[in-house]
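Below is one structure, written out as structure tokens, with a few remarks after it.
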Amino acid sequence: MRYSKLFSPTLRDTPADAEVVSHQLLLRAGFIRRVTSGVYDYLPLGLRVLRNIENIVREEMNRAGAQELLMPMVQPSEFWQKSGRWDKYGPELLRFKDRHGHESCLGPTHEEVICDLVSRELKSYKQLPMNLYQIQNKFRDEIRPRFGLMRGREFVMKDAYSFHANAECLAKEYQNMFDTYHRIFNRLGLKFRAVEADNGSIGGSASHEFHVLAESGEDLITHCSACDYAANVEKALSTPPSYQGIDAELGEVETPKKTAVEDVVSFLNVEPFTLLKTMIYVAVGGENEGQVVAACVRGTDNVQEIKLARAMGVDEVELASKEQLEAVGTVTGYAGPMSLHCPIYMDISLSDEVGLVAGANKYNFHITGLNISRDLSNITYVDLRETQVGDTCGKCGKGTMETSRGIEVGHIFELGTVYAKPMEVLFQNEQGKRDVATMGCYGIGVSRLMAAVVEQCNDDYGIMWPVNLAPFRISVITLGKSETAFAASEKIYNELLKQGVDVVWDDRKESPGVKFKDAELTGIPLRIVVGDRGLNNNALEIKTRWGDKAEASSDEVVNKALSMLAELQQENV
RNA sequence: CGGGGCGUAGCGCAGCCUGGUAGCGCAUCUGGUUUGGGACCAGAGGGUCGGGUGUUCGAAUCACCCCGCCCCGACCA
């Protein structure tokens, strides 16, 4: 490709509305442009990178025995009615009617469609197992799209669905995918971590997320310093430092305008862990919609809402309104577990704790000396608190928990029969009986990966694509306007083309600085500089995006560049 | 959905407070000089000042409404 013909609009200034580095650089380097909220154009360079990522994913999926197919973005409402998600899915599902008034939606995921397809064609256990995948655009009407490609509404996803005759077979494929994902993210040159995850609304049992480690990540993940336990904080198991309260008589104290934990604690001069934080939640979605409950943790802890929702058996919870608070007999800022008219979930770390301070359920008063087993009844102990740095590992019981930020780029699930059953994915088993297929599903955020890679691979000058992802591997930069430099460049360019290398020739009538800056900004791994100076000395500069330099004569430069490229590939930078 | 901020040329911004009919840098186009790190000179094009309504002799500027974008929050009990 000649740069003079390339549609690659780069920006000198960082667009003001881009916050994270991947968004800024992808915009500046001319890889993407915003169309509307959470929806982007992929310009030629951006598409090249996207395709490179896709192909690595594709190769590894194929190698793992999965088969690629392609399903539609538009899906009929009937499928979703059948699975039960038409009512469950919420506003993220973009629904619309066609000219005949037929209700449809844009696919945020494809369990329904794949189940429909497979249910029609699956007859016998002999056809199983099978793993089908696609790389396709998804649409989710996110509340808050942000950070460019990181959280878009329309995005590219690889989604795979496996079908099995039994759970053992599924477990095997799950492991296969687990290993495949490790290979994929390693080939992409990423620092990442697989963590145990909550299944979310998708349902099923086992589940792991794959996170690219980055400060800008939206997720908080945690791992043990001693063993291999790692999990999303949404479900992480850990033990907090143990505290022992001092038993006392139940009392009531006036705490005017003291609602925040810190205020109450300093006003009463007690330790923060003796405070019982009581939050009133209401269930959203599902059968128990509207149910109000109280969730109690220590003042030093936070309620992990996902854990609460799981304990309640609902999809989601949100904080109760003022009216809902009053309905269960409490008030804003002074909620406590005494004589509340709703179920109480208490974190297990509080079992039989004594000497606690809690809200008195009336304005400006707290109670002291609360003894849970003495003063409360009908409480349910569950794991509610969010794991904190320094907790003891819930798995090995030895190591301490550390946390880091992550960008979720992959998620695998053992679904079991949650979709196969309602969607009637049935087959005849070895005994000749009808059986429900057991499913797994495996996703990778392909376009998000593009952003995640940039988050990890950049410097002050721009993007530093790993060789295997770069839009072009080599940039031949012509300096000056001499005929000889131009002709020599063209020769090198053609030779590289002949060698099958993705090469761009910067033949523009621009100053050297502009060309160097653009090559750096767009992250081309290797550049060959062809100018009169180098030609006269018969020593052309070859430089990697990481700063390594070499020189070679005009005749040798192609071979030298190819060997340097091979080296970079070897190192998988 | 709540809170905050922003919307003026492709990008980055000034002008707004204190109304008088729009400006700077970069980018773009033309001509010329330049070519190993975002060149220089001369000239040029490009704006319904997000949209609407109102106040006013007069609105980018003031008021109200709407739209869009960005950030924060979904932790407060």
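The values are calculated or read from the model by the stated rules, or taken from the named source; none is laboratory data. Every value quoted in this text rests on a predicted model; they were computed, and no experiment measured them. Positions of Cβ are backbone-derived with ideal geometry, glycine not excepted, and every protein chain shown enters the neighbour counts.
Looking at this structure, is A:Q67 farther than 30 Å from A:D518 by Cα, surrounded by fewer than 19 Cβ atoms within 10 Å (Cβ to Cβ) and touching a residue at least 40 places away in the same chain (Cβ under 8 Å)? Spelling it out, A:Q67 is indeed farther than 30 Å from A:D518 by Cα, surrounded by fewer than 19 Cβ atoms within 10 Å (Cβ to Cβ) and touching a residue at least 40 places away in the same chain (Cβ under 8 Å).
Within 14 Å of RNA strand B (Cβ to nearest atom) and buried (at least 16 other Cβ atoms within 10 Å of the Cβ): is that true of A:K322 in this structure? No; evaluated as a whole, the condition is false for this residue. When the residues of region A:539-555 are filtered to those that are in contact with a strand residue (DSSP E or B) (Cβ under 9 Å, 6 or more places away or on another chain) and within 15 Å of A:A488 (Cβ to Cβ), the one that is nearest to RNA strand B (Cβ to nearest atom) is A:E541. Search region A:458-501 for residues being surrounded by fewer than 16 Cβ atoms within 10 Å (Cβ to Cβ) and within 20 Å of A:L568 (Cα to Cα), and hand back the single one that is nearest to RNA strand B (Cβ to nearest atom). Of everything passing the filter in region A:458-501, A:Y461 is nearest to RNA strand B (Cβ to nearest atom).
Entry remark, region A:109-127: residues being surrounded by 19 or more Cβ atoms within 10 Å (Cβ to Cβ) and within 30 Å of the chain's Cα centre (by Cα) number 9 in total. Among all positions in region A:167-179, there is no residue which is under 33 Å from the mean Cα position of the chain (by Cα), part of a loop (DSSP other than H, G, I, E, B) and polar (S, T, N, Q). The set of residues in region A:520-538 being of a type in the set (A, V, I, L, M, F, W, C) and near RNA strand B (Cβ under 8 Å from one of its atoms) consists of A:L521, A:V529, A:V530, A:L535. No other residue among A:T278, A:T332 is under 15 Å from A:G359 (Cα atoms) and surrounded by fewer than 16 Cβ atoms within 10 Å (Cβ to Cβ) apart from A:T332. Every condition in (1) more than 20 Å from A:G359 (Cα to Cα); (2) among the β-branched types (V, I, T); (3) near RNA strand B (Cβ under 9 Å from one of its atoms) is met by A:V284 except one, and the failing one is (3). All of A:A451, A:A420 fail the test of being aliphatic (A, V, I, L, M) and within 14 Å of RNA strand B (Cβ to nearest atom), apart from A:A451. Does A:V453 satisfy being at pLDDT below 95 and under 26 Å from the mean Cα position of the chain (by Cα)? Judged against the criteria, A:V453 is not a match.
Identify the residue in region A:335-373 that is surrounded by 15 or more Cβ atoms within 10 Å (Cβ to Cβ) and charged (D, E, K, R) and, among all such residues, is farthest from RNA strand B (Cβ to nearest atom). Among residues in region A:335-373 that are surrounded by 15 or more Cβ atoms within 10 Å (Cβ to Cβ) and charged (D, E, K, R), the one farthest from RNA strand B (Cβ to nearest atom) is A:E353. Residues in region A:385-419 that are of a type in the set (G, A, S) and touching a Leu at 6+ places or on another chain (Cβ under 8 Å) were compared, and the one that is surrounded by the most Cβ atoms within 10 Å (Cβ to Cβ) is A:G406. Among the residues making up region A:332-351, those that are within 13 Å of A:K277 (Cα to Cα) and in a loop (DSSP other than H, G, I, E, B) are A:T332, A:G333, A:Y334, A:A335, A:G336, A:P337, A:M338. With respect to the stated conditions, A:M73 is surrounded by fewer than 18 Cβ atoms within 10 Å (Cβ to Cβ), under 24 Å from the mean Cα position of the chain (by Cα) and not aromatic (F, W, Y). Taking region A:542-573 only, how many residues are assigned to a strand (DSSP E or B) and within 30 Å of A:M450 (Cβ to Cβ)? Here the count works out to 5. For region A:155-193, which residues satisfy the criterion of being among the small types (G, A, S) and either out of contact with any strand residue (DSSP E or B) (no Cβ under 8 Å at 6 or more places or on another chain) or without any contact (Cβ under 8 Å) to a residue 60 or more places away in the chain (or both)? Answer for region A:155-193, where residues must be among the small types (G, A, S) and either out of contact with any strand residue (DSSP E or B) (no Cβ under 8 Å at 6 or more places or on another chain) or without any contact (Cβ under 8 Å) to a residue 60 or more places away in the chain (or both): just A:G189.
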